[in-house]
Every structure is written in structure tokens, then in C-alpha cells.
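Have a look at the structure below, then the notes.
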Amino acid sequence: MPTPQTLEEHLGSLLTMQSTILFGLDGVQPSDLPFAWQVNNTGVQLQYFDKGLSEDISGQASTATTTPPDVATPLPNTVDADDDELVALSLTLIPQRLYVARHQAPADIRRIEYKCAGVTGVRLGATGHGLGELDDAFERTSFESFKKKIHYRLEWPGYKPFKYAKNVRGKDGPITRTVVVQQIVEMIQQFIEDNASRAPDASAAQWRVGPGAITLADLVLVGVDIVSQGSVQPRLAIRA
């Protein structure tokens, strides 16, 4: 017979199980998580197995304080850079920090390029957003890992991180490349609307958005990074 759990062990197991729901890890077994909740007479701690770190949420001293797992955090000093192809097309990438979930290794991020008639980039401000020439316009397999809802995310220089939720599964399955573009357009329009009256940080003045600055008409979608099952970060550029 298995050894009966103490009350503290039972509470810790329940908290760990609930974490799979709280952090959107549907289908993940609590035993597969890189952390567990521990309850003892000093309070409640979050124990990380991979680094031996723990976070005390009861106000007691802890060995280290970290962001809870699966709360997505941009990697510092990770900025997407222009490549030779974009330079040749007179495109300059918006220098976003790469958004990476705590439970997601950078190597697991999938990058999908967007091209029209074989040329990198989709002009988001064009009539119909240039979708008539979009390569693989109705391809769905790249997005099979999506759950019913995802967050599109922007780490636009000089502004607070921005996220925009959309449903990405219907009766026909996952959305197509065409629908992804349409949803990204909606997201960017909302981002610009929300920030049109806000000035960016002084160090990012050139990336200001809104009337008289960068608008949807200036932007080109060169690809998307699928940073987790629930988050997508578009790669955006402006014409140099």
C-alpha cells in the first residue's frame, strides 16, 4: 500500500495539480512539472527541481526569488536582428525582445516565414493586406499545436508588452496563414490605438506609433515566432 500523505503533503499535491490549470498546461501531469508546491510549518514554498531554487509566498525568507514558472518573460538582451535578405529588400525589423515562456526553451521556438509571390514580407497596410499573393495562404499544419485560444504578443521598443487574445480553432481545425495575418492586423490596430497618445521611452523615440509616426500602413509582416502553444509573436519590419 502507498504511504499515506501528511496534510502538508496533500496540500502541496493539490496546489501543484491546480498549477497545471492556472498556467494553462492542459494535459501535463503534475509529476512532469519542473516545480512543486511544498507546505510546511513555516509557510508555502515553490520548489524548482532544475535549479534548486525556491520561492516563498508566505512572507518568509527564501533561498531565491524568481518569476513563477510558465509566466512568460522576455529574455534580456535577445533582440531580433536584420538579415541580409531583409536589408536587400530595404526592410528594417522592429527590434523586439524575444518573448519566451518560463517553461519554454528558446530552442523550442518555431519560426514561420511569410512571403508573397516568393518574396519575404506581407504589406499589412495594403488593400487586402496583399493576401492575394500570399504563399501557402490556406496552409494549416504550422498551427496544429494551437489550443482554442492564443495570445499574440508584441515587445515593441519603448512601450509596455502588449498581448491580444484570439480564437484560433474552428470547426475546420486550426486557422490558416491568411487568418493569422488578419488577426495580426487586428492586434496591431488595437496596439496603435491604445498607444497613439503615449510617448515611448526616450531611448526608443524613433519607434513611436500613431498619427505622424508609425502606423499600420508602414508595417510589413515577415514572419511569426510560435513561442509556446499559447503565444505567437509577429516579426514586423518597416521600409528603410
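The values are calculated or read from the model by the stated rules, or taken from the named source; none is laboratory data. Values in this document were obtained by computation on a predicted structure and should not be read as measured data. Backbone-built Cβ (ideal geometry, glycine too); neighbour counts: all protein chains shown.
Values computed for the structure shown
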{"quantity": "Test: residue in the range 227-239 that is more than 20 Å from the chain's Cα centre (by Cα), within 17 Å of LYS115 (Cα to Cα) and surrounded by 14 or more Cβ atoms within 10 Å (Cβ to Cβ)", "calculated": "yes"}
{"quantity": "Test for ILE192: is it buried (at least 23 other Cβ atoms within 10 Å of the Cβ), modelled with pLDDT of 95 or more and assigned by TED's automatic domain parsing to the domain that holds GLU144", "calculated": "no"}
{"quantity": "Members of the range 209-224 that are part of a strand (DSSP E or B) and either within 20 Å of GLU113 (Cα to Cα) or free of Cβ contacts under 8 Å to residues at least 24 places away in the same chain (or both)", "calculated": "LEU219, VAL220, LEU221, VAL222, GLY223, VAL224"}
{"quantity": "Strands (runs of 3 or more DSSP E) lying entirely in the range 96-196 (those with 2 or more residues that are in contact with a Phe, Trp or Tyr (Cβ under 7 Å, 6 or more places away or on another chain) and touching a residue at least 12 places away in the same chain (Cβ under 8 Å))", "calculated": "149-154, 162-167"}
{"quantity": "Any hit, the range 148-155, residues being of a type in the set (Ser, Thr, Tyr), under 24 Å from ALA204 (Cα atoms) and modelled with pLDDT under 85", "calculated": "no"}
